[in-house]
Amino acid sequence: MLCPVCSQRKARRDCPALRTTICSICCGTKRLTEIPCPSDCVHLASAREHPAATVRRQQERDVAALLPTIRHLTERQQQLFFLFQSAIVRHVPDGFGRLNDDDVADATEAAAKTLETTAKGVLYDHPAQSPVAQRLAGELKALIERVREEGTRVYDGEAAITLRAIETGAREVRKALPDGGSTAYLDLVRRLLQANSVEQRAAEEAKPESRLILP
């Protein structure tokens, strides 16, 4: 039987998410990105406990590059960090545009400036430099309002601090990962979200009182 995902290789692994058997390559490469693996999947658990050497080295590089930009964040700000990052990696620019690290830095800087100004009692919407960044900044600010409407208190100051951390990461990670090109930070964040999606769901279930409402 051929794998129903790729239609190229033999299907050897039972996939509880797709309720069928798929090949090991599709299981390993599409896990948590294209396939919504349940937390009790034995293949997911095995990969998390015994990642390949190349995966471990990449994870170590990612942590070393990202940690300096977020180590000062509180637990609530770290939750906001993942909230904002989830929205950023899902953002699709208009037309044929492609989101890059400069857009992320520009958008988070503009959104942070607006929140910092609001915290001082002045209402002024700081614009981003590019249309792509301006649209992303608007989505980030709208996201904060949606979370507030759903009952979670988010202070302008803590949101601004978190956005500044993302801005710093988007500007600095490229220096630590020079081979990543113009999307080094975005690619790192995608890997981080993929690797931590299961742990984050478990942590949120264990601490409902401090959980932010994620989209």
### Task
Specify which of the listed residues (Thr33, Thr69) is hydroxyl-bearing (Ser, Thr, Tyr), closer than 30 Å to Ile161 by Cα and in a loop (DSSP other than H, G, I, E, B).
Thr33
### Query
So Ile35 clears everything in (1) farther than 30 Å from Val173 by Cβ; (2) touching a Leu at 6+ places or on another chain (Cβ under 7 Å); (3) of a type outside the set (Lys, Arg) except one condition, right? Which one?
(1)
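May I ask you to say which residue of Arg57, Arg76 is of a type in the set (Lys, Arg) and either more than 19 Å from Asp187 (Cα to Cα) or in a loop (DSSP other than H, G, I, E, B) (or both)?
Checking each option against the conditions leaves just Arg76.
For (1) closer than 30 Å to Val154 by Cα; (2) surrounded by fewer than 18 Cβ atoms within 10 Å (Cβ to Cβ); (3) outside the structural domain of Val154 (by TED's automatic domain parsing); (4) at pLDDT below 95, each residue gets a yes or a no:
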| residue | (1), (2), (3), (4) |
| --- | --- |
| Ser7 | no, yes, yes, yes |
| Arg19 | no, yes, yes, yes |
| Ala65 | yes, no, no, yes |
| Glu75 | yes, yes, no, yes |
| Ser86 | yes, yes, no, yes |
| Arg90 | yes, yes, no, yes |
| Leu99 | yes, no, no, yes |
| Ala105 | yes, no, no, no |
### Task
Of the conditions (1) touching a Lys or Arg at 6+ places or on another chain (Cβ under 7 Å); (2) within 30 Å of Glu109 (Cα to Cα); (3) at pLDDT 90 or above, Phe81 clears all except one; give me its number.
(1)
#### Entry: Positions within segment 152-194 being among the hydroxyl-bearing types (Ser, Thr, Tyr), part of a helix (DSSP H, G or I) and either surrounded by fewer than 16 Cβ atoms within 10 Å (Cβ to Cβ) or touching a strand residue (DSSP E or B) at 6+ places or on another chain (Cβ under 7 Å) (or both), in sequence order
Ser182
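The values are calculated or read from the model by the stated rules, or taken from the named source; none is laboratory data. Quick caveat, the model's predicted, so the values are computed rather than measured. Don't worry about glycine lacking a Cβ; one is built from the backbone with ideal geometry, like all the others, and counts go over all protein chains shown.
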